[in-house]
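Each reported figure results from applying straightforward, stated rules to the coordinates on display, with no laboratory input. Since the model is a prediction, treat every value here as computed from it, not as a measurement. Cβ: placed from backbone, ideal geometry, glycine included. Neighbour counts: every protein chain shown.
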2 protein chains.
Amino acid sequence: MRINFARGVPAPESFPVADILCCASQVVSRNMLESLQYGPARGPASFVRWIAERYSVNDMMVLTGDGSLGLFELFCSVMLKPGDTVFVESPTYDRVIEILTARGARVVAIALQEDGPDLEQFKSALADTVPRFFYLIPDFQNPSGLTCSAEKRAAIAALARQHNILLVEDAPYRLIRYTGATLPSFFELAPEVTLHMSSLSKIIAPGLRAGYVVGNEALIGKLVKAAENRYVTPGNFALSIAGEWCRQGHLPAQLASLIALYGPRLHAMTEALTAALPELHFGRPQGGFFLGLHLPPGISNSAVREQAQQLGLALSDGKGFFLTGGEHFLRIPFCGLTVAEIQEGVAILRRAVELARPA
Amino acid sequence: MRINFARGVPAPESFPVADILCCASQVVSRNMLESLQYGPARGPASFVRWIAERYSVNDMMVLTGDGSLGLFELFCSVMLKPGDTVFVESPTYDRVIEILTARGARVVAIALQEDGPDLEQFKSALADTVPRFFYLIPDFQNPSGLTCSAEKRAAIAALARQHNILLVEDAPYRLIRYTGATLPSFFELAPEVTLHMSSLSKIIAPGLRAGYVVGNEALIGKLVKAAENRYVTPGNFALSIAGEWCRQGHLPAQLASLIALYGPRLHAMTEALTAALPELHFGRPQGGFFLGLHLPPGISNSAVREQAQQLGLALSDGKGFFLTGGEHFLRIPFCGLTVAEIQEGVAILRRAVELARPA
């Protein structure tokens, strides 16, 4: 495969390798026990402290662990019984659908509009069943790239408060914003009903698996207990390194460098798509890793994928991001690709769309 | 708390800190993508390859991940439905009981004798129900320190073959043997019905969370798929470091050094216990991290724990290692304690036992 549009990976040239090694050396000399011995299931105290300070919460409201998806699965093991109802955006992160389905949850899809979840659908679903939680990615959503507006955030937070619905806010892309102003997170708007999930996988490097969740003390306490029973101690060596990197103050410069690297890639992608496939609709992401492309009604993503595959372009299955439907959706990543790869990939995509068009 | 007999941790002075840092530097310069980017759910190819060679199997029979307990929980998520029967030794690893119970398994305890599981009980339980699997720790068992004899291994392997029972062999202590000859593992005796679990937590350092399982390709394939859905990629930075450390050939010298460090600690523990508490029975471990101490019928471990606590000695709850009973059992660790701490701990234990004795 010449070009890969299937995975949303960060650019390896962005990985701060020298700083990671320097932090590795620091953590073992500063606190060998914290990074190498069995330790608290919450993760290394110094990393927990840094996160708690950043979110202005106490340490008991933080749990770190091996990637935020793993922490989400742990959360589901504590929260969900088979048959419990969960709301998600539609489309949403494909692996979250798989985790919820594996737990036997009844998953209700709330359509995502350009400015966030359809509030009328949300209210009408709510009239039917109050869910155990509502999983949302408000900033530069995976897979659509869309961002929930300030107005909808306020409305969703108010409804969550009113009906005591837990909002599970997945925010791994939140800090990687190319244009526009940062909007308040659900955790800022309604901390008492929000579990905020994030990760440094997209910022430092995925291989450190530095994920975390922030939420109310009672819920986090249950998750810590479940984590202890399930794996005793998370990857404290890698988590200590991530914590040390944050404590050393590398985050602002790294974010600036990611935005300088990825912004032009997003620009190249939207320019190439607009020029090559003017009839195709896509939302314009203000940040993050993806945009969502809508094929015309007559053209299925499976036909396009098949043609693209033969021409050397890998595409992910758009249907995976939907409970039902999604036949005309494609998730297009841009961060882990050079401008030349983006242009070549879009050229192949254009040919694949032409070949997939019914005669 | 002055002395901690509650946790079975390795000695931090054994951690090969300089080699870990050297391997960290090696893995990012040799193969940065393998250690820092998203990658296969199976774990870093170079670590998988090293394990496969060591066990003389192909790479598709290996899954690495963040600690062997976490991999066991993943395995249970694939294997168990509520109500399924699982056999365990009695006593057994407390966290395994918790994981099985959380999954709604029907757990059947097979009494552990000095030379391994009671075969008559095993056969009689088998006549009642063929379990989904039998979880065993044949070498230097946690918590008893006991080792399954060659004869019983052969008999259990034969029964497993005959009834097509999966043996889940947890072997984290297997390489840390102070006396006696190594016995064949279940994976060596009956590879087609064995899932072998192990970890480098007790050998390199727990903070790397370098666990792995080896088993038949179909089962491992299912676990890899479940791992991908649950956490995408394991802690590849730490796992690559563990793999590099193994590939560099540090294992034999590290094992020799652990045995030289821990052997005298076991000797100090058995000498101190025999001198201080001659009436108490305990099995003599040939390796590993623990021995199991049996209090006289009149003295409960909860009374001893309470007294010990007040005198500055932490003990773990012996009942946690049993489904029912265990009121007179204490798990005693010795690796992460100096000889002076062992002697002071046993002196406190002696006073605690005296104080707990009914008037």
Ranked on Cβ counts within 10 Å of their own Cβ, fewest leading, A:Leu126, B:Leu63, B:Leu295 go A:Leu126, B:Leu295, B:Leu63
Name the helices (complete DSSP H segments) of chain B with a Cα length along the long axis of 24 Å or more and a Kyte-Doolittle mean of at least 1.0, or state none.
none
Taking a label point 7 Å out from Cα toward Cβ, give me the nm distances from A:Ala158 to the same spot in the other copies, shortest first, one decimal.
7.6
Exposure rule at most 16 other beta-carbon atoms within 10 Å, DSSP loop GluC sites (Glu not before Pro): chain B longest free segment:
B:115-278
Inter-copy label distances at A:Lys222, 7 Å along the Cα→beta-carbon direction, one decimal in nm, shortest first?
2.9
Checking a compactness column here: for region A:236-354, what do you get for Rg(Cα) / (2.2 N^0.38 Å), N being the number of residues?
1.27
Rounded D (µm²/s) - chain B, Kirkwood Rh over Cα pairs, Stokes-Einstein at 10 °C, 1.306 mPa s:
75
Shortest first and in nm, the label-point separations between A:Thr338 and its counterparts in the other identical copies (7 Å out along Cα→Cβ) come to 5.8
Range of Cα positions in region B:1-114 per principal axis (Å), largest first
49, 44, 27
In a shell of Cβ-Cβ distance under 11 Å around A:Ala6, excluding A:Ala6 itself, what net charge do Lys and Arg (+1) and Asp and Glu (-1) give?
+2
Using the Cα centre as the reference, give the magnitude of the dipole from point charges on the C-beta atoms of region B:102-175 (Lys, Arg: +1; Asp, Glu: -1; all else neutral), rounded to the nearest 20 debye.
340
Expressed as a fraction of 2.2 N^0.38 Å, the rule-of-thumb size for a compact globular protein of N residues, what is the C-alpha radius of gyration of the protein assembly as shown?
1.01
What's the exposure ranking of A:Thr233, B:Thr85, A:Thr324, going from fewest to most Cβ atoms within 10 Å?
A:Thr324, B:Thr85, A:Thr233
With +1 at each Lys and Arg Cβ and -1 at each Asp and Glu Cβ, the charge dipole magnitude of region B:16-247 around its Cα centre, to the nearest 20 debye, comes out at 480
Once you sort the root eigenvalues of the Cα gyration tensor of region B:60-142 as a ≥ b ≥ c, which label holds: rounded (a/c under 1.5), prolate (a/b larger than b/c) or oblate (the other case)?
oblate
The extension gain from A:Ala218 to A:Gln310, computed as 0.36 nm times the residue separation minus the Cα-Cα distance, is 27.9 nm
Assertion target for B:Ser185, B:Ser199, A:Ser302, ordered by fewest C-beta neighbours within 10 angstrom first, is A:Ser302, B:Ser185, B:Ser199
Helix-only CD estimate at 222 nm, as mean residue ellipticity for chain B, using -39500 (n - 2.57) per DSSP H run (n ≥ 4):
-14000 deg cm²/dmol
Rounded FRET efficiency, nearest 0.05, which uses the C-beta distance separating B:Thr182 from B:Ala18 and R0 of 41 Å
0.90
Over the whole of A:300-308, what's the average partner chain Cβ count within 10 Å per residue? Rounded to a whole number, please.
0
In the protein assembly as shown, lysine pairs with alpha-carbon atoms under 17 angstrom apart (chain gap of 8 or more, or interchain):
5
A:Val168 long-range amide H proximity, modeled H, under 5 Å:
A:Phe134, A:Tyr135, A:Leu136, A:Leu195
Along region B:313-326, what does the Karplus equation 6.51 cos²θ - 1.76 cosθ + 1.60 (θ = phi - 60°) give for ³J(HN,Hα), rounded to whole Hz, x for Gly and Pro?
10, 8, 10, 8, 7, x, 5, x, 8, 10, 6, 9, x, x
Of A:Leu280, A:Leu239, A:Leu112, which has the largest mean-square fluctuation in a 10 Å C-alpha GNM of chain A?
A:Leu280
Hey, for a label at B:Val339 modelled as a point 7 Å past Cα toward Cβ, could you say which residues of region B:255-286 have their backbone N under 15 Å away?
B:260-273
